[in-house]
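S.K.: Dropping a structure here in structure tokens format, bear with me for questions.
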């Protein structure tokens with residue numbers, strides 16, 4: 001890049017995001033447990049909806065996403081006009097940084113937070129600020145210690161990735177109550193559905209002007225390939241975001257698929273039940289093998305080994321058994337592997353492989 005073509009400040013400080021691996025050299029069909037995808041896939045209703053939508057690919061999609069927003073509002077008891085839809089929840093999270101942070105401002109998140117939070121801050125020209133966690137959990141008091149007059153956004157993943165731990169509503173409310181008016185609290189709920197009894201922060205959004213919640217169709221709903229997410233915020237915040245959102249940001253196929261997925265509540269309940277059962281099996285099995293892990297409220301478990309060397313050795317052993325998991329050194333856990341919760345046979349396969357790793361014959 002020539003000196004006359006300089007990127008905006010902060011852009012060149014961004015390291016490229018690396019997703020979970022999907023291939024193992026020399027193996028044709030690995031068990032992929034590296035990206036927290038739904039092992040049951042998408043609802044059969046989605047296939048019907050996207051096939052029908054594909055008949056009109058020559059037409060532009062709607063710009064207001066009214067059918068999808070209505071479906072979300074009806075299922076979750078929300079106001080449709082306060083919902084914004086994006087290309088994954090990532091787009092909504094990006095728009096928030098673009099709209100409310102800039103040079104001289106600070107964006108706050110925690111030390112093991114989602115890797116894109118730093119990217120959102122830097123792409124807006126703002127300064128990323130990191131607050132420490134305590135025992136792999138978000139610590140409200142430590143977060144508040146890092147709030148300054150320059151803080152404009154706080155990103156909180158709840159449940160958190162890659163730990164799977166979560167704040168309860170009392171702690172979230174305490175955090176929201178303590179924030180200054182100019183600071184927007186963003187509750188990233190990519191895994192919110194897996195946390196039983198948690199509304200994703202909807203009640204806090206309803207009660208306050210400075211709280212936003214986001215959700216995704218990529219995890220529970222099995223639509224990672226369609227890239228659809230949404231946010232819920234005050235009318236003022238949504239109006240601001242819609243001014244910078246691309247008018248045709250979601251395709252007709254994506255909109256139809258997401259609406260069908262949202263309305264098929266029977267399939268959703270099946271997925272949640274399967275995840276709860278197999279998460280308990282995976283957690284219990286890891287602990288029986290002497291592998292530490294916290295109680296996860298998501299669709300993955302963070303397995304902690306003695307050190308980085310053992311974690312890498314375990315990862316290599318799993319690969320040799322045709323199983324892909326996620327090394328999470330970039331999230332501050334060089335000694336850990338993040339393992340997506342699969343179906344019953346998948347969990348058995350993982351535990352058998354790790355048993356042979358810990359006790360080779």
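The values are calculated or read from the model by the stated rules, or taken from the named source; none is laboratory data. Note that the coordinates shown come from a computational prediction; the quantities given were computed from them, not determined experimentally. Here the Cβ positions follow ideal geometry from the backbone for every residue, glycine too, while neighbour counts run over all protein chains shown.
S.K.: Considering each residue of the stretch 333-350, count those that are over 18 Å from the mean Cα position of the chain (by Cα) and in a strand (DSSP E or B), and give that number. Show your work before the answer.
M.R.: To start, the set of residues in the stretch 333-350 that are over 18 Å from the mean Cα position of the chain (by Cα) comprises 334-336, 343-350.
Among the residues that remain, those that are also in a strand (DSSP E or B) are: 334-336.
So the count comes out to 3.
S.K.: Just one of the numbered conditions (1) surrounded by 12 or more Cβ atoms within 10 Å (Cβ to Cβ); (2) modelled with pLDDT of 65 or more is not true of residue 10; which one?
M.R.: (2)
S.K.: Would you point out which residue out of 261, 280, 252, 233 is closer than 20 Å to residue 92 by Cβ, surrounded by 14 or more Cβ atoms within 10 Å (Cβ to Cβ) and over 20 Å from the mean Cα position of the chain (by Cα)?
M.R.: On the way: 261 fails: over 20 Å from the mean Cα position of the chain (by Cα); 280 fails: closer than 20 Å to residue 92 by Cβ; 233 fails: over 20 Å from the mean Cα position of the chain (by Cα).
Going through 261, 280, 252, 233 in turn, just one is closer than 20 Å to residue 92 by Cβ, surrounded by 14 or more Cβ atoms within 10 Å (Cβ to Cβ) and over 20 Å from the mean Cα position of the chain (by Cα): 252.
S.K.: Looking at the stretch 291-307, is at least one residue surrounded by fewer than 19 Cβ atoms within 10 Å (Cβ to Cβ) and part of a helix (DSSP H, G or I)?
M.R.: Scanning the stretch 291-307 turns up no residue that is surrounded by fewer than 19 Cβ atoms within 10 Å (Cβ to Cβ) and part of a helix (DSSP H, G or I).
S.K.: For the condition assigned by TED's automatic domain parsing to the domain that holds residue 216, more than 30 Å from residue 250 (Cβ to Cβ) and surrounded by fewer than 22 Cβ atoms within 10 Å (Cβ to Cβ), what is the one hit in 112, 146?
M.R.: Residue meeting the stated conditions: 146.
S.K.: Answer yes or no as to whether residue 310 is within 30 Å of residue 111 (Cα to Cα), outside the structural domain of residue 76 (by TED's automatic domain parsing) and over 21 Å from the mean Cα position of the chain (by Cα).
M.R.: yes
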